[in-house]
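Notes for the one structure printed next.
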Amino acid sequence: MDLFTAMKVGGSGLQAQRVRLNLTTQNLANINTTQTPEGGPYRAKRVVLGTEQGGGARSFEAALSGARGPDAEYARVREITESDAEPKQVYDPGHPDANEEGYVAMPNINRVTQMTDLMEATRNYKANTMTISAAREMALHALRIGSK
Amino acid sequence: MGSGLFSDKFAVFEKSMGLHQQRLGVIANNVANADTPGYQAKRLEFEDSLRQAVSGGDENLTMTRTHPNHMGVGGDLSAVRGEVREVAQGGRVDGNTVNTQQELERLGETRLIYRVVSELAARKASGIKYAITSGGR
């Protein structure tokens, strides 16, 4: 794998973490949403990531000598799932969506889980930017050979 | 090892830089897939085979080439390959075995070594340039 491919792999990681970050933000923003187009309260969404082996063009010579090294493994969004946790029943008789007993079905979203998810996504995002900048720095260093 | 102006050192630099590039790629794979369920972290290992190819075999069992047609003992540099090993231990509940901190540590090490080797190659190249231009004249 060359340095540019390593950068692309880092980019796939950034993309995946950003989707995760967006969903967490969406979940926190809708923590009190009781009406959705599908009916019922909002359901927490989360991303499931998968790996895609980077094939790409492979020259005959490189394949023969095995010089190409390990394959690229891109992070890809496989699916976005909705939580099937039962809605939280909150007693609030004044709420327009309250049932006859005065209970409102609220989204079952745990703030703590969402916040830790947010932190983890941010941290992983940073880690991917670090691999990209390392690849960039290494490429620049190689360019200096013979230039002095 | 050749001792001419364009000695085998460049071949060693090239090999080492190529292998470290590949290692960076493996680290990038691991970091990008830090949230992929079931993903196994990978390591690229080549130090031992590279050392053997450069130093000409086992450190305790060195042999001397007394004739230029003798075959190398340690093995040929171009045959050195990185070996990919999967990390199966220390995973999370979802089966992912990537440890981001560890990967960043390796990343730092890799970029440092790459930098040192490319600096050595650059100095070697500028030495040759100096000789070709007879001392910069």
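The values are calculated or read from the model by the stated rules, or taken from the named source; none is laboratory data. In this text the structure is predicted, and so the values were computed from the model without any measurement. Neighbour counts are summed over all protein chains in view; Cβ atoms, including those assigned to glycine, are modelled from backbone coordinates with ideal geometry.
Test A:Thr122 against the stated conditions and say whether it is in a helix (DSSP H, G or I) and of a type in the set (Val, Ile, Thr).
Considered against the rule, which asks whether it is in a helix (DSSP H, G or I) and of a type in the set (Val, Ile, Thr), A:Thr122 comes out as yes.
Taken over the stretch A:1-58, the residue count meeting the criterion of being surrounded by 13 or more Cβ atoms within 10 Å (Cβ to Cβ), among the hydroxyl-bearing types (Ser, Thr, Tyr), more than 8 Å from chain B (Cβ to nearest Cβ) and not in a helix (DSSP H, G or I) is 3. All of A:Ala142, A:Ala134, A:Ala63 fail the test of being modelled with pLDDT under 90, under 28 Å from B:Asn33 (Cα atoms) and either over 18 Å from the mean Cα position of the chain (by Cα) or assigned to a helix (DSSP H, G or I) (or both), apart from A:Ala63.
Could you pull out the residue among A:Ala98, A:Ala85, A:Ala75 that is away from chain B (no Cβ under 14 Å), touching a strand residue (DSSP E or B) at 6+ places or on another chain (Cβ under 6 Å), among the small types (Gly, Ala, Ser) and not in a helix (DSSP H, G or I)?
Values: A:Ala85 fails: touching a strand residue (DSSP E or B) at 6+ places or on another chain (Cβ under 6 Å); A:Ala75 fails: away from chain B (no Cβ under 14 Å).
So the residue among A:Ala98, A:Ala85, A:Ala75 that is away from chain B (no Cβ under 14 Å), touching a strand residue (DSSP E or B) at 6+ places or on another chain (Cβ under 6 Å), among the small types (Gly, Ala, Ser) and not in a helix (DSSP H, G or I) is A:Ala98.
From the list B:Gly135, B:Gly95, B:Gly90, the one residue that fits, being touching a residue at least 40 places away in the same chain (Cβ under 8 Å) and more than 11 Å from chain A (Cβ to nearest Cβ), is B:Gly95. Take A:Arg144 and decide whether it is within 14 Å of chain B (Cβ to nearest Cβ) and on the phi < 0 side of the Ramachandran plot. It is true that A:Arg144 is within 14 Å of chain B (Cβ to nearest Cβ) and on the phi < 0 side of the Ramachandran plot. Taking the condition part of a helix (DSSP H, G or I), aromatic (Phe, Trp, Tyr) and more than 9 Å from every other protein chain (Cβ to nearest Cβ), does B:Tyr130 pass? So B:Tyr130 fits the description; yes. Taken over the stretch B:81-137, the criterion of being farther than 20 Å from B:Arg51 by Cβ, touching a helix residue (DSSP H, G or I) at 6+ places or on another chain (Cβ under 7 Å) and not basic (Lys, Arg) is satisfied by B:Val98, B:Thr100, B:Glu103, B:Leu104, B:Leu107, B:Gly136.
Okay, residues lined up against (1) surrounded by 18 or more Cβ atoms within 10 Å (Cβ to Cβ); (2) more than 30 Å from B:Gly127 (Cα to Cα):
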| residue | (1), (2) |
| --- | --- |
| A:Ile80 | no, yes |
| A:Ala85 | no, yes |
| A:Asp97 | no, yes |
| A:Asp117 | yes, yes |
| A:His141 | yes, no |
| A:Ile145 | yes, no |
